[in-house]
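The values are calculated or read from the model by the stated rules, or taken from the named source; none is laboratory data. Bear in mind the structure is a predicted one, so any value in this text is a computation, not a measurement. We place every Cβ from the backbone using ideal geometry, glycine too, and count neighbours over all the protein chains shown.
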Amino acid sequence: MSTAPAHARSPLITAELVNKHFGPAHVLRDVTTSFFQGEVAVIIGASGSGKSTFLRTLNRLEKHDSGRIVVDGIALTDDVKNLDAIRREVGMVFQQFNLFPHLSALENVTLAPRRVRKTPRAEARQKALELLARVGLADHAHKHPHQLSGGQQQRVAIARSLAMQPKVMLFDEPTSALDPEMINEVLDVMKDLARSGMTMVVVTHEMRFAREVGDRILFFDHGQLLQEAPPAQFFDAQQNDRIRAFLGQISH
Amino acid sequence: MNGLLSLWPRGWTREQRSSATIVAAGALLVAILILAGRLLALLPEPIGPSAAELAAGTLITVELTVLSGLAGVGVGVLAAVAKMSPLRIVRWPADFYIWSVRGTPLLVQVLFVYFALPEIVPVQLSDFNSAAVALTLNVGAYNAEAIRAGIQAVPRGQTEASRSLGLSPIQTFLDVIFPQAFKISLPPLVNNIVALLKDSSLAYVIGVAELSNIGNRVKTATFQPVPVFLTTAAIYLILTTVLTEISGAIEARLDVEQRH
Ligand SMILES: Nc1ncnc2c1ncn2[C@@H]1O[C@H](COP(=O)(O)OP(=O)(O)OP(=O)(O)O)[C@@H](O)[C@H]1O
Ligand SMILES: [Mg+2]
């Protein structure tokens, strides 16, 4: 999606030698990479390879044990002020949507701007309606999550994140919980978002999306970032046997 | 029992039905309290002549229940939150409170607040206030468990979504977790309050003139235990039924997902 080469711009997120354990399990091993302004990075890898864990360290839903993560110039530490500042700038979309079931679609989208950014009610509402229209849900603003299909719920969740005007959006398998016929409506919204210049880090098993929209593919293997490469090189000129085996399995 | 809820016209929405039920049952409760004296006066001996006392006893029972019930929900929320605190200084007092209240008889607690507490802190509460405090603390401890279970039943993803949007832990609790938890906790909370209505009869031991106490006095004065006990039991049954109706309606009102 980008025109200038990624490295020519400043990194929005850098991770240096990030390690993470769950008890005895070493789930992230010396992960080092950067994400650049306007870039769409796609993370793939086998189940349990640490993709979600890595994504979740980027807004500190998980703490890393060692190494350094810097988001928009702020290092991720236990400092609560930093943490709140970062979470406002980093949007996250979950596999299970995690919409607030007791609130309407509109209220789901307005909650954070009203509480965190102190946006006045009318303005927040106006913005939310625009965002819901942008994800194709103008007519569903007053429905509760249980009245929406999975695809619609995930689009509300995307609108909800966008309402905070984040600098980067993290997606953790946003289409994995959806029925096949709903996957494309969500991917289309994400493609739109990528085209608008949003910085995105996407964990997905949708290889077509990765190839079409991704600027860079990151492959995780047993907690290691085994390879990063542009999609053409990654998919069409893959030298690594393990990755070739993985791609072979996925395409069936 | 969901009697009233199904009485309303078919075309009404769930919200209209439950609102109507809350209003109707509330009005019924007030009407019972206002009219109890006159209705009981219509009954033959030995109830008729004691109608005014029985009505006054009913009122005291309802007052004790409503006051302690509302305060007990507040205490329950505080104790539940404290019990889940990562800070030991906050968690331990809550643990101790819940453990000691649930592990001792209510009768002992009522007697303790009335007789022993004034020796420890320099305030002597009236018999009614002592009973209200003891009942509040008692139901609060049981409510705390119900509310804690409700909070724990809200999926982790809700907290994660809220925190990742930048809401603070307190905002996350108030706007996201608590409304969902309260709905889950409502059925056990209602059970606790119905139990409270019945348990308020223990205020009898410190001389509060609530319904069972009055019933006992009337029995002693008239030597006719059967009609007196039947009448007091009937009043308790009517009150618990109305309470259950109101709470059923509140539950339906909060049940946005229409699972019922
Ligand atoms: N909260 C946790 N406690 C203990 N172990 C965990 C926890 N979260 C993840 N793990 C373990 O860490 C490893 C990496 O998990 P992670 O969820 O990051 O994998 P993933 O690449 O996202 O897999 P998937 O494709 O199945 O989502 C796995 O072995 C998993 O069992
Ligand atoms: Mg995962």
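A few comments on the model shown:
- Identity of the residue in the stretch A:33-52, touching a Ser or Thr at 6+ places or on another chain (Cβ under 9 Å) and of a type in the set (A, V, I, L, M, F, W, C), that ends up nearest to ligand 2 (Cβ to nearest atom): A:43
- Considering the stretch B:1-119, the qualifying helices (runs of 4 or more DSSP H), each wholly inside and each with 2 or more residues that are modelled with pLDDT under 90 and under 22 Å from the mean Cα position of the chain (by Cα), run over B:14-41.
- Residue-level analysis places residue A:220 among those that are within 16 Å of the chain's Cα centre (by Cα) and within 14 Å of ligand 1 (Cβ to nearest atom).
- Looking only at the stretch A:130-176, residues that are surrounded by fewer than 21 Cβ atoms within 10 Å (Cβ to Cβ), more than 16 Å from residue A:40 (Cβ to Cβ), within 13 Å of another protein chain (Cβ to nearest Cβ) and among the basic types (Lys, Arg) come to 1 in all.
- The listed residue being basic (Lys, Arg) and within 14 Å of chain A (Cβ to nearest Cβ), out of B:91, B:156, B:102, B:148: B:156
- Considering the stretch B:205-257, the residues that are within 29 Å of residue B:129 (Cα to Cα) and not in a helix (DSSP H, G or I) include one that is farthest from the chain's Cα centre (by Cα), namely B:207.
- Residues (within 16 Å of ligand 2 (Cβ to nearest atom) and either surrounded by fewer than 22 Cβ atoms within 10 Å (Cβ to Cβ) or of a type in the set (Ser, Thr, Tyr) (or both)) located in the stretch A:7-26: A:22, A:25
- Residue that is nearest to the other protein chains (Cβ to nearest Cβ) [pool: residues in the stretch A:87-101 that are within 18 Å of residue A:37 (Cβ to Cβ) and surrounded by fewer than 24 Cβ atoms within 10 Å (Cβ to Cβ)]: A:88
- Enumeration of residues in the stretch A:40-71 that are closer than 20 Å to residue A:231 by Cα and assigned to a strand (DSSP E or B): A:40, A:41, A:42, A:43, A:44, A:45
- Scanning the stretch A:48-78 for residues being within 14 Å of another protein chain (Cβ to nearest Cβ) and either within 16 Å of ligand 1 (Cβ to nearest atom) or without any contact (Cβ under 8 Å) to a residue 60 or more places away in the chain (or both) gives a total of 14.
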